[in-house]
Amino acid sequence: MEISSKDNNLMEKVLPPVEQESDVELETTVKKYLRGEGANLETLKDKKLKTQLTSREKLYGKSAKAAAKIEKWLLPAEAGYLETEGLEKTWRVKQTDIANEVDILSSRNQYDIVLPDFGPYKLDFTASGRHMLAGGRKGHLALLDMMNMSLIKEIQVRETVRDVAFLHNEQFFAAAQKKYAYIYGRDGTELHCLKERGPVARLRFLKNHFLLASVNKSGQLHYQDVTHGGMVASIRTGKGRTDVMEVNPYNGVVALGHSGGTVTMWKPTSQAPLVQMQCHPGPVSSVAFHPNGHLMATSGKERKIKIWDLRKFEEVQTIHSFHAKTLSFSQKGLLAAGTGSFVQILGDSSGGSSHNYSRYMNHSMVKGYQIEKLMFRPYEDVIGIGHSMGWSSILIPGSGEPNFDSWVANPFETSKQRREKEVHSLLDKLPPETIMLDPSKIGAMRPSRRKEKPSRGEIEAEKEVAIEAAKSTELKNKTKGRNKPSKRTKKKKEMVENAKRTFPEQEHNTALKKRRIGEDAAAELPASLKRFARKN
Amino acid sequence: MKIKTLSRSVDEYTRERSQDLQRVFHNFDPSLRPMEKAVEYQRALTAAKLEKIFARPFVGAMDGHRDGVSCMAKNPNYLKGIFSASMDGDIRLWDISSRRTVCQFPGHQGAVRGLTASTDGNVLVSCGTDCTVRLWNVPRPTLEDSTISSENSIEPSATYVWKNAFWAVDHQFEGDLFATAGAQLDIWNHNRSQPVQSFQWGTDSVISVRFNPGEPDILATSASDRSITIYDLRMSSAARKIIMMTKTNSIAWNPMEPMNLTAANEDGSCYSFDGRKLDEAKCVHKDHVSAVMDIDFSPTGREFVTGSYDRSVRIFPYNGGHSREIYHTKRMQRVFCVKYSCDATYVISGSDDTNLRLWKAKASEQLGVILPREQKKHEYNEAVKNRYKHLPEVKRIVRHRHLPKPIYKAMAIIRTVNDSKRRKEARRKAHSAPGTVVTKPLRKRKIIKEVE
């Protein structure tokens, strides 16, 4: 990298100033593609390894530059925008004005579907934005193709439906119904009834891990692997009933918002939450995650929307607005907040690290409509609004990602491509252990420490789970007089004791501390006497 | 006011006719791909597992000899054929693709110890314990010879008798001369019945000889007095000689870096030297548990194959201390000679059980014509596996090889022996005055002295 920067310097003297500006722009995009800092190779003593790694770092630099140039010149589409001149304000622009300025294809995306009989509607989109699933409270489930505006299948399940979610593609979807959650196929056949979870309040799908996460009416969190149907984790959150659950797309962590104003984050492999944040004085109404994983928006009943930075777990911004019942982030970082029949879109006016969300657009619907769910449609400048009288869709210029990658999500997928993608994504399915707060830690060097101890809370929680499991195992019914009650209780006690024994007591810690002091003294011994020093 | 919204026309993003390819669009933005490192790690794990699933290195055996195979020779102009000779004097030319004998060269009375082909491929030179050197004309296979019959036998074009039994022979690259190793090193010309030149240093017999591929006049020999000598034909005496702790069974020059040579030693390791600086080995390749009998480099110069007395064949990287691969079979006994095929795809081993065995150099390689997309996928799998091969799960799978029990146990014993030696050395050092106990690096330890 040293040589190439020298080249750059020479070139800068020759190029006119306009070229220099684009160089600076290119630098920032190159940084994005480099995905972090390079390794520090000065500390290496192994010369062979050092030369290998320097040549590899050079290759990374080259590929990042090529990717930055492709982004600048070769991408087929450009993002949408809404620019006002003079004294006009962007939030006064109405949907009808937008419809006048925009081409026919886009204006087809503004519509209202009125279905007053079936209750407030919840929406979900597939990852490519092509298919939409609408679930009405009174049991109406509809699967639509948004590109052709056609209805693929609608069914009436004749039970309350609390939430709907797509699985990995439009062939399967899950609905949280009155007593249990069900999985349906594309043609409406009921495929599975998920009895273990109980009455589910919210359903979300983790795409990379093929995990269906749900929170039920007693506040229990369940993770189920949909490829083999096994329950990966069932966690008792201990915080009571909650309706607010969102998945962070960046790291696969599930966030629950509780009635005490805390937001807790969970991963399937631990019984204790990863993070607990006190966000609001009252109950948390809604949580939303920015696609880059660093920002989280929460709203509470005190009519404030707070933006949090998840790297430092600090509040970045507070927006004094209305009580936002639902929040959603778009792919480009626009935040939509909805309450009653009013939708407000907030945009980030300053780029870079400091975030300053301000009013961008407003939309108020007919008075009687109560907004149930807002969701931006991926790869389109459209937001879907599910409300008590059906669902609507309005145009928000600048909210969707203009260029999709066919290997990630392709709105123009053929059935053959869909099948291939399903197979490839199954091969790349991540195990649930890879869910962590910082996903870039995989493959990185772990800082050398002594054996990592789980925290006390985690140990307690796991101990309780183990004891519960031991208590709930069923003993064999022995015959021929061997099934005495006294023997049975004795056996059960034994099993609980065994479960407890696997968690060593905390008193060992003091003994270890004493030994460690002895070790430091051993460091001063001469080399020949080192083997007589007290060892661990 | 200016408004623009995204609107994609279906024509731009889908194909026109069904004969066209589907359109693919790329956006390399990392924000579209969350958890890409975890996905890459998962792919590395799958690639490692797939490699193990497809690892079937044994292609076939060529049997026909009636006694153990003692040496082999390859002809750089004819990739399909390999010469092999056995302990009862039977020399055959094999066709590797059908694994059958094309031609036999009977005539030797005792064991054939050395076999080599001239660079143009017309002449085969063999030498044996019956004190004779025989030259044969190799028949040129034509396209009409589709029926390969093993009944061809050829008479030698010349037989030279000499004073002592021979141990090895090698032919000069791009030249007319060949060298035999016996009581001393003799240089012969095809047409003369007596050696043109003779070299001797010390009284011990020379056991192997190898000409340098880059410099046609330089050759390396190893003798039974545990030495390695480098001779230059233009000078009348030897150029350099080093004496090691144990005898070297075979030598091979690196075809891509002709100044480097690797010696297969009796103590189970191979030592790579720079021919210009023999006092220190460049690299010590340690993995065999018994004597290494033969060594041959790949034409890429990046790997070499060794066959050892411990019934296994190993493939080493040219600069690495441990083997990348081990091949063994219950039926394969002591391996006396190995050859790396000229297209760097196969390894041929000749062993005591009278069979030549054909192995793939890369055990999970797909042979035959590979489509470009398949090729790209293989390369991607290889690259992603190499990126994560240090992580414990991937490493466990990549490193795993099934070893035959004797080798496994012998390796454990060697490990404990070395550990205890090292511990003892460390304690000696700790308890002596600093500077009195000096440990020589392994690369120098095995070399006793260099003699001019």
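Looking at this structure, is residue A:421 assigned to a helix (DSSP H, G or I), more than 10 Å from chain B (Cβ to nearest Cβ) and either within 28 Å of residue A:169 (Cβ to Cβ) or among the polar types (S, T, N, Q) (or both)?
On the way: assigned to a helix (DSSP H, G or I): yes; more than 10 Å from chain B (Cβ to nearest Cβ): yes; either within 28 Å of residue A:169 (Cβ to Cβ) or among the polar types (S, T, N, Q) (or both): yes.
When the stated conditions are applied, residue A:421 passes them.
Of the residues A:112, A:117, A:103, which is of a type outside the set (Phe, Trp, Tyr), touching a Ser or Thr at 6+ places or on another chain (Cβ under 9 Å), surrounded by fewer than 17 Cβ atoms within 10 Å (Cβ to Cβ) and closer than 30 Å to residue A:203 by Cα? Don't jump to the end; show me each part of the working.
Working: A:117 fails: touching a Ser or Thr at 6+ places or on another chain (Cβ under 9 Å); A:103 fails: closer than 30 Å to residue A:203 by Cα.
Criteria check complete, one pass: A:112.
Being part of a strand (DSSP E or B) and open to solvent by 20 Å² or more (accessible area, probe 1.4 Å) is the filter here, so list the residues in the range B:213-237 that pass it. So that I can check it myself, show each step before the final result.
Filtering the range B:213-237 for residues part of a strand (DSSP E or B) gives B:218-223, B:227-232.
B:218, B:232, listed by residue number.
This table checks each residue for (1) of a type outside the set (Lys, Arg); (2) surrounded by fewer than 12 Cβ atoms within 10 Å (Cβ to Cβ); (3) closer than 19 Å to residue B:28 by Cα; (4) modelled with pLDDT of 85 or more.
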residue	(1), (2), (3), (4)
A:1	yes, yes, no, no
A:9	yes, yes, no, no
A:13	no, yes, no, no
A:30	yes, no, yes, yes
A:44	yes, no, no, yes
A:51	yes, no, no, yes
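Let me confirm something: among B:318, B:309, which residue is touching a residue at least 60 places away in the same chain (Cβ under 8 Å), under 30 Å from residue B:85 (Cβ atoms) and open to solvent by 30 Å² or more (accessible area, probe 1.4 Å)?
Values: B:309 fails: touching a residue at least 60 places away in the same chain (Cβ under 8 Å).
Residue meeting the stated conditions: B:318.
Right, residue A:431: at the interface with another protein chain (Cβ under 9 Å from one of its Cβ atoms), open to solvent by less than 50 Å² (accessible area, probe 1.4 Å), over 22 Å from residue A:328 (Cα atoms) and touching a residue at least 60 places away in the same chain (Cβ under 8 Å) or not? Spell out the reasoning first.
Values: at the interface with another protein chain (Cβ under 9 Å from one of its Cβ atoms): yes; open to solvent by less than 50 Å² (accessible area, probe 1.4 Å): yes; over 22 Å from residue A:328 (Cα atoms): yes; touching a residue at least 60 places away in the same chain (Cβ under 8 Å): yes.
In short, yes.
Inspect all residues belonging to the range B:187-210 and state whether any of them is over 16 Å from residue B:278 (Cβ atoms), open to solvent by 30 Å² or more (accessible area, probe 1.4 Å), in the same structural domain as residue B:307 (by the TED database) and acidic (Asp, Glu).
Within the range B:187-210 (the criterion being over 16 Å from residue B:278 (Cβ atoms), open to solvent by 30 Å² or more (accessible area, probe 1.4 Å), in the same structural domain as residue B:307 (by the TED database) and acidic (Asp, Glu)), the answer is yes, since at least one residue qualifies.
Specify the residue that is most open to solvent (accessible area, probe 1.4 Å); the eligible residues are those in the range A:218-260 that are among the β-branched types (Val, Ile, Thr), more than 14 Å from every other protein chain (Cβ to nearest Cβ) and outside any loop (DSSP other than H, G, I, E, B). Working first, answer last.
Here is the first cut: in the range A:218-260, the residues among the β-branched types (Val, Ile, Thr) are A:226-227, A:232, A:235, A:237, A:242, A:244, A:247, A:253-254.
With the extra rule that they be more than 14 Å from every other protein chain (Cβ to nearest Cβ), the set shrinks to A:226, A:232, A:235, A:237, A:242, A:244, A:254.
So of that shortlist, the ones also outside any loop (DSSP other than H, G, I, E, B) come out as A:232, A:235, A:244, A:254.
Working: A:232: 54, A:235: 0, A:244: 17, A:254: 0 Å².
Only one residue tops the list, namely A:232.
Which number in (1) at the interface with another protein chain (Cβ under 9 Å from one of its Cβ atoms); (2) open to solvent by less than 40 Å² (accessible area, probe 1.4 Å) marks the one condition that residue A:441 misses?
It fails just one condition, (2).
Kindly establish whether residue A:122 is buried (at least 17 other Cβ atoms within 10 Å of the Cβ) and charged (D, E, K, R).
On the way: buried (at least 17 other Cβ atoms within 10 Å of the Cβ): yes; charged (D, E, K, R): yes.
Against the criterion (buried (at least 17 other Cβ atoms within 10 Å of the Cβ) and charged (D, E, K, R)), residue A:122 qualifies.
In the range B:384-431, how many are within 14 Å of chain A (Cβ to nearest Cβ), part of a helix (DSSP H, G or I) and among the aliphatic types (A, V, I, L, M)?
In the first step, residues of the range B:384-431 are kept if they are within 14 Å of chain A (Cβ to nearest Cβ); the result is B:384-395, B:423-431.
Imposing the further condition that a residue be part of a helix (DSSP H, G or I) reduces the set to B:384-387, B:392-395, B:423-431.
Of the ones still in play, those that are also among the aliphatic types (A, V, I, L, M) are B:384, B:394, B:426, B:430.
Within the range B:384-431, residues that are within 14 Å of chain A (Cβ to nearest Cβ), part of a helix (DSSP H, G or I) and among the aliphatic types (A, V, I, L, M) number 4.
With the structure loaded, tell me whether residue B:443 is within 30 Å of residue B:96 (Cα to Cα), touching a residue at least 12 places away in the same chain (Cβ under 8 Å) and either away from chain A (no Cβ under 14 Å) or open to solvent by less than 50 Å² (accessible area, probe 1.4 Å) (or both) or whether it fails that test.
Working: within 30 Å of residue B:96 (Cα to Cα): no; touching a residue at least 12 places away in the same chain (Cβ under 8 Å): yes; either away from chain A (no Cβ under 14 Å) or open to solvent by less than 50 Å² (accessible area, probe 1.4 Å) (or both): yes.
So residue B:443 fails the test.
Run down A:38, A:61 and say which single residue is open to solvent by less than 70 Å² (accessible area, probe 1.4 Å), in a loop (DSSP other than H, G, I, E, B) and closer than 21 Å to residue B:37 by Cα.
On the way: A:61 fails: in a loop (DSSP other than H, G, I, E, B).
From the options A:38, A:61, the qualifying one is A:38.
Which of the residues belonging to the range A:313-334 are closer than 16 Å to residue A:382 by Cβ and in a strand (DSSP E or B)?
Across the range A:313-334, the qualifying residues are A:328, A:329.
For residues in the range B:10-21 being in a loop (DSSP other than H, G, I, E, B) and more than 7 Å from chain A (Cβ to nearest Cβ), which is least open to solvent (accessible area, probe 1.4 Å)? First the steps, then the outcome.
Our first condition is that a residue be in a loop (DSSP other than H, G, I, E, B); within the range B:10-21, this holds for B:14-21.
Subset that is more than 7 Å from chain A (Cβ to nearest Cβ): B:15-21.
Values: B:15: 87, B:16: 147, B:17: 133, B:18: 97, B:19: 145, B:20: 44, B:21: 150 Å².
Ranking the qualifying residues of the range B:10-21, first place goes to B:20.
Might you check whether a residue that is touching a helix residue (DSSP H, G or I) at 6+ places or on another chain (Cβ under 7 Å) and surrounded by fewer than 19 Cβ atoms within 10 Å (Cβ to Cβ) occurs anywhere in the range A:387-403?
Scanning the range A:387-403 turns up no residue that is touching a helix residue (DSSP H, G or I) at 6+ places or on another chain (Cβ under 7 Å) and surrounded by fewer than 19 Cβ atoms within 10 Å (Cβ to Cβ).
Conditions tested, residue by residue: (1) open to solvent by 70 Å² or more (accessible area, probe 1.4 Å); (2) not hydroxyl-bearing (Ser, Thr, Tyr).
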site	(1), (2)
B:356	no, yes
B:366	yes, yes
B:386	no, yes
B:393	yes, yes
B:398	no, yes
B:409	yes, yes
B:425	no, yes
B:436	yes, no
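In the range A:77-101, which residues are under 30 Å from residue B:13 (Cα atoms) and out of contact with any Pro (no Cβ under 8 Å at 6 or more places or on another chain)?
Keep residues of the range A:77-101 that are under 30 Å from residue B:13 (Cα atoms), which gives A:77-83, A:95-101.
Those that are under 30 Å from residue B:13 (Cα atoms) and out of contact with any Pro (no Cβ under 8 Å at 6 or more places or on another chain): A:83, A:95, A:96, A:97, A:99, A:100, A:101.
Residues A:462, A:452: which one is assigned to a loop (DSSP other than H, G, I, E, B), at pLDDT below 95 and not aliphatic (A, V, I, L, M)? Explain how you work it out, then say what you get.
Working: A:462 fails: assigned to a loop (DSSP other than H, G, I, E, B).
Of the residues listed, the single one that is assigned to a loop (DSSP other than H, G, I, E, B), at pLDDT below 95 and not aliphatic (A, V, I, L, M) is A:452.
Just checking, how many residues over the range A:48-102 are more than 10 Å from chain B (Cβ to nearest Cβ), hydrophobic (A, V, I, L, M, F, W, C) and closer than 30 Å to residue A:31 by Cα?
Counting residues in the range A:48-102 that are more than 10 Å from chain B (Cβ to nearest Cβ), hydrophobic (A, V, I, L, M, F, W, C) and closer than 30 Å to residue A:31 by Cα gives 4.
May I ask you to list the residues in the range A:133-164 that are buried (at least 19 other Cβ atoms within 10 Å of the Cβ) and within 21 Å of residue A:244 (Cα to Cα)?
Selection gives A:133, A:134, A:135, A:136, A:161, A:162, A:163, A:164.
Does residue A:478 meet the test of being open to solvent by 100 Å² or more (accessible area, probe 1.4 Å) and not in a helix (DSSP H, G or I)? Can you show your working first?
Working: open to solvent by 100 Å² or more (accessible area, probe 1.4 Å): yes; not in a helix (DSSP H, G or I): yes.
Judged against the criteria, residue A:478 is a match.
Sort out which residues of the range A:165-209 are within 13 Å of residue A:229 (Cα to Cα), open to solvent by 20 Å² or more (accessible area, probe 1.4 Å) and outside any strand (DSSP E or B), and write them in order of number.
Listed by number, the residues that qualify are A:195, A:196.
Can you pull out every residue in the range B:238-260 that is open to solvent by 10 Å² or more (accessible area, probe 1.4 Å) and of a type in the set (Val, Ile, Thr)?
Passing the criteria: B:243, B:246.
The values are calculated or read from the model by the stated rules, or taken from the named source; none is laboratory data. Because the structure is a prediction, the values reported are computed rather than measured. No Cβ is skipped: glycine too gets one built from the backbone with ideal geometry, and neighbour counts run over all protein chains shown. When the accessible area is computed, the model is the full protein with side chains, heavy atoms only, and any ligands, DNA or RNA have been set aside. Shrake-Rupley method; radii C 1.70, N 1.55, O 1.52, S 1.80 Å.
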